[in-house]
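Peer 1: I am attaching a structure below and will ask some questions about it afterwards.
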Amino acid sequence: MIIVQKYGGKSVSTIERIRDVAKQIVKHHIEGVGLVVVVSAMANTTDELLKYANLVAQNPREREVDMLLTAGERISMALLSMAIWDMGHSAISFTGSQSGIITDNVHMRARIVEIRASRIISELQQGRIVIVAGFQGVSARREITTLGRGGSDTTAIALACAIGADRCEIFSDVDGLYSADPKIFKNAKHIPKIDYETLFDITFFGANIVHPRAVELAQKYKIPITLASSISEEKKTMVKSKAMEGANFVAVSSQNKIFWVSVRAHSGKIDTLLCNIDKLRTNIRTPSLNIENGAAMLSFWVLPEQIEEIKNLLTEEGLDFSAEEVSLVAVSGYGIAESAEALSRVSSILKETNIPFSHIGTTNRSIFVVIGREHREKVEELFHRKLITH
């Protein structure tokens, strides 16, 4: 059996935690499991490195930022490998390029093109534990690249696909998925099983347990996922393919700060804009396009770190736009899109409590509302209490 494990930054935040993770890995290794372990940078390391970059340069070159940020994961992988060796077991650490993770040529948000995993497979055959630096790869031009935030999750799933792993285990400081953030909602329900599509929505709308890009990749290649805690083994969440039938709310998630962008232009200009956005790889979310008599209205939302890039592009294009700072709260589950009753219940909660909203949208698995930031906590609590724990 071969398993890919991924440990987030908080799981390797201190030397003590690294040693604890090493003990957990060795335990599985002794049981005869072939292990490829993907690690993130130690907690807050990436933010610190970005701060250094912005201190030395007003607009640091993206190539150099990639060179800088990949150092964080290299520290984690080397320390973890050393800890395993210190326990009397054989391990070897690889950077993304040494692991054969080939990306395109885009810096800071590269996409994986292929994985040449022969070196990893060879080390597994020799009985070694393979430690891989997440979040990074190398382009065909032999340039070091990074995959963007959440890239270590993507690395883990992609490696699981490449080596034919039996499953991928994502470890964090939370023991699986809950109906809301268990650090805030004491009555949050643990979710032992969930399907890929619903998990994608829950993470897309703000739950930080795994990156939605990784969930999407796992669904495409049918890689089983386990979400678990690196501290406690009491609970975990298994991700399966088949969803339950019937409308059923299972979780609330939120984005505390987003920018709701509206663009008005001729439909031809909107087409050009969308092409340029795609080239930038700015992740616009839930886009909606209405066209009437050649005039178009495009609306979407972006995360705070992407708004300046979007504003600059819209200004360069000479387009009329607005960007409102707001919050978003989503409630996700099964059969949401097909249920008029589900939408009615969400709308009624907002009306009964006199909470103003600017937009209600749906996906296959979620209903989301765009509201003022001052209302986010209350709406999240209301949705959780009235739709899930009632």
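Quick note: the coordinates plus some simple rules give every number you see, no bench work behind them. These numbers come from a predicted model, not from an experiment. Positions of Cβ are backbone-derived with ideal geometry, glycine not excepted, and every protein chain shown enters the neighbour counts.
Peer 1: Failed condition for Ile120, given (1) under 18 Å from Gly137 (Cβ atoms); (2) touching a Ser or Thr at 6+ places or on another chain (Cβ under 9 Å); (3) surrounded by fewer than 19 Cβ atoms within 10 Å (Cβ to Cβ), with all others met?
Peer 2: (3)
Peer 1: Going by what's in this entry, would Phe185 be described as in contact (Cβ under 8 Å) with a residue 60 or more places away in the chain and assigned to a strand (DSSP E or B)?
Peer 2: In short, no.
Peer 1: Do we have His359 as assigned to a strand (DSSP E or B), within 23 Å of Ala207 (Cβ to Cβ) and out of contact with any helix residue (DSSP H, G or I) (no Cβ under 8 Å at 6 or more places or on another chain) here?
Peer 2: The answer is yes for His359.
Peer 1: Counting only residues that are assigned to a loop (DSSP other than H, G, I, E, B) and either out of contact with any Lys or Arg (no Cβ under 7 Å at 6 or more places or on another chain) or among the acidic types (Asp, Glu) (or both), how many does segment 275-318 have?
Peer 2: 8
Peer 1: Kindly indicate the residue of segment 1-31 that is more than 23 Å from Gly150 (Cα to Cα) and of a type in the set (Lys, Arg) and also surrounded by the fewest Cβ atoms within 10 Å (Cβ to Cβ) among those meeting that condition.
Peer 2: Of everything passing the filter in segment 1-31, Lys27 is surrounded by the fewest Cβ atoms within 10 Å (Cβ to Cβ).
Peer 1: Taking into account only those residues within segment 61-99 that are assigned to a loop (DSSP other than H, G, I, E, B) and buried (at least 20 other Cβ atoms within 10 Å of the Cβ), which is nearest to the chain's Cα centre (by Cα)?
Peer 2: Gly96
Peer 1: Under the condition of being buried (at least 17 other Cβ atoms within 10 Å of the Cβ) and of a type in the set (S, T, N, Q), which residue from segment 158-202 is nearest to Pro212 (Cα to Cα)?
Peer 2: Step by step, filter segment 158-202, then rank; the result is Thr198.
Peer 1: Scan segment 249-258 and tell me whether some residue there is over 18 Å from the mean Cα position of the chain (by Cα) and crowded, with 16+ Cβ neighbours inside 10 Å.
Peer 2: yes
Peer 1: Would you point out which residue out of Ser241, Ser299 is over 16 Å from Val369 (Cβ atoms), under 24 Å from the mean Cα position of the chain (by Cα) and small (Gly, Ala, Ser)?
Peer 2: When all the criteria are applied, what remains is Ser241.
Peer 1: Further, regarding this structure: Has segment 153-163 got at least one residue that is within 22 Å of the chain's Cα centre (by Cα) and in a loop (DSSP other than H, G, I, E, B)?
Peer 2: No, the conditions are met nowhere in segment 153-163.
Peer 1: In contact (Cβ under 8 Å) with a residue 24 or more places away in the chain, outside any strand (DSSP E or B) and closer than 30 Å to Ala180 by Cβ: does that describe Ile223?
Peer 2: yes
Peer 1: Please state which of the following conditions Glu377 fails to meet, knowing it meets all the rest: (1) free of Cβ contacts under 8 Å to residues at least 40 places away in the same chain; (2) surrounded by 18 or more Cβ atoms within 10 Å (Cβ to Cβ); (3) charged (D, E, K, R).
Peer 2: With respect to (1) free of Cβ contacts under 8 Å to residues at least 40 places away in the same chain; (2) surrounded by 18 or more Cβ atoms within 10 Å (Cβ to Cβ); (3) charged (D, E, K, R), Glu377 is out only on (2).
Peer 1: How about segment 344-371: which of its residues are touching a strand residue (DSSP E or B) at 6+ places or on another chain (Cβ under 6 Å) and not hydroxyl-bearing (Ser, Thr, Tyr)?
Peer 2: Val346, Leu350, Phe357, His359, Ile360, Gly361, Arg365, Ile367, Phe368, Val369, Val370, Ile371
Peer 1: Another one. With respect to Ile291, determine if the residue is over 22 Å from Val250 (Cα atoms), in contact with a His (Cβ under 6 Å, 6 or more places away or on another chain) and among the aliphatic types (A, V, I, L, M).
Peer 2: In short, no.
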